[in-house]
1. Might you let me know whether segment 263-272 holds any residue that is in a loop (DSSP other than H, G, I, E, B), among the aliphatic types (A, V, I, L, M), closer than 23 Å to residue 42 by Cα and touching a strand residue (DSSP E or B) at 6+ places or on another chain (Cβ under 6 Å)?
2. I'd like to check something: does segment 241-261 contain any residue that is among the basic types (Lys, Arg), within 16 Å of the ligand (Cβ to nearest atom), assigned to a loop (DSSP other than H, G, I, E, B) and more than 30 Å from residue 15 (Cβ to Cβ)?
3. Would you pick out the residues in segment 228-281 that are farther than 25 Å from residue 304 by Cα, out of contact with any Leu (no Cβ under 8 Å at 6 or more places or on another chain) and of a type in the set (A, V, I, L, M, F, W, C)?
4. Quick check: anything in segment 21-35 part of a loop (DSSP other than H, G, I, E, B), within 25 Å of residue 144 (Cα to Cα) and modelled with pLDDT of 95 or more?
5. Restricting segment 274-294 to residues that are within 11 Å of the ligand (Cβ to nearest atom) and polar (S, T, N, Q), which is surrounded by the fewest Cβ atoms within 10 Å (Cβ to Cβ)?
6. Looking at 308, 271, can you tell me which residue is surrounded by fewer than 19 Cβ atoms within 10 Å (Cβ to Cβ), more than 13 Å from the ligand (Cβ to nearest atom) and closer than 21 Å to residue 163 by Cα?
Amino acid sequence: MVIFIYGEISMDDKNRRLYVEKIRKKFYGHDNLKSKYIPQIPQSAEREYIRVVNEYMRLLKQEIENAIPKIKDSYKGNRDADIKEGVRTDSFTDLMLKINEIFARIESKLIKKVSGYGLRKKLENLANLNRKLTVKEWKKAIRSTLGIDIREDYYLGDFYNEQLQDWAKQNVDLISTIPNDSLAKMREIVYNGYISGKTTTRMLKEIQRAYKVSLKHARLIARDQTAKLNGQIQRHQQIDAGITEYIWCTCGDERVRESHRALNGKKFSWDNPPLNSDGRACHPGEDYQCRCIGRPVFNNSNLNLPIDDSVEVTIK
Ligand SMILES: [Zn+2]
């Protein structure tokens, strides 16, 4: 049976029958039909997320750069005193006090900047962009496979909005902790550098490296979370449309992990995700940094689609 969500309300029976007929033809008497188009991960949402984290991390970079001369002076000053006197304990306490003060100042300045940045709002916008692009891909899959158009506004409902809000909230937590974690690491670098007698230049290089590692981490989150939200929306769209199975599709490049390569082209149920090499059950996009996609398998006897009933059906 084919159910039309919007059709039940306003589509006249004749138009509805034509839709049924049109879709049935596409199945050629079979019950299942693989999507002709494989929905893609929204690249522009990923790029936008990376732009946001770059901007956010730059706030930390600016504060560190402003404080570097002071860090350098107190580090160097105490090291010189050490070398002269051959005593480490006193100057280490001095250094700790100074460094603590410098880092506390960086932290308080950073808090102000970060709170003015509006990360939450930006992530909500990103979630919306992701949904919009994911719906576009879904629409493309239905258009190319069944030859019909669905209503995009159907995916603007509370159910999807709640998911987007949850995602935005989780992502605020993931991103907003990075600058502070990075600062804590930098402070450790100064302390440890001092204890192990590292030169000022070497200590500063390590601070730079710590920043780069944090930036890379933030970018990885951006990629991972874009694919995760996309996978999550796709799964809900498909289940809602009465789709129970999908074909696992990797993006086919050299970065695809071995365990996912083994799943490529195989059919799985949305009720029963396959096990990864580490024993966890995952749908496409759920694993860390996974860029795989669940290619929908349409089911003729169980189809449920929000049809655009403003369009008159034409059958070739
Ligand atoms: Zn994957």
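The values are calculated or read from the model by the stated rules, or taken from the named source; none is laboratory data. Just so you know, these numbers come straight off a predicted model, no measurement behind them. Methodologically, a virtual Cβ is constructed for each residue, glycine included, from the backbone with ideal geometry; neighbour enumeration extends over all protein chains shown.
1. Scanning segment 263-272 turns up at least one residue that is in a loop (DSSP other than H, G, I, E, B), among the aliphatic types (A, V, I, L, M), closer than 23 Å to residue 42 by Cα and touching a strand residue (DSSP E or B) at 6+ places or on another chain (Cβ under 6 Å).
2. yes
3. 251, 256, 262, 263, 275 - these are the residues of segment 228-281 that are farther than 25 Å from residue 304 by Cα, out of contact with any Leu (no Cβ under 8 Å at 6 or more places or on another chain) and of a type in the set (A, V, I, L, M, F, W, C).
4. yes
5. Checked segment 274-294; the qualifying residue surrounded by the fewest Cβ atoms within 10 Å (Cβ to Cβ) is 289.
6. Answer to the selection: 271.
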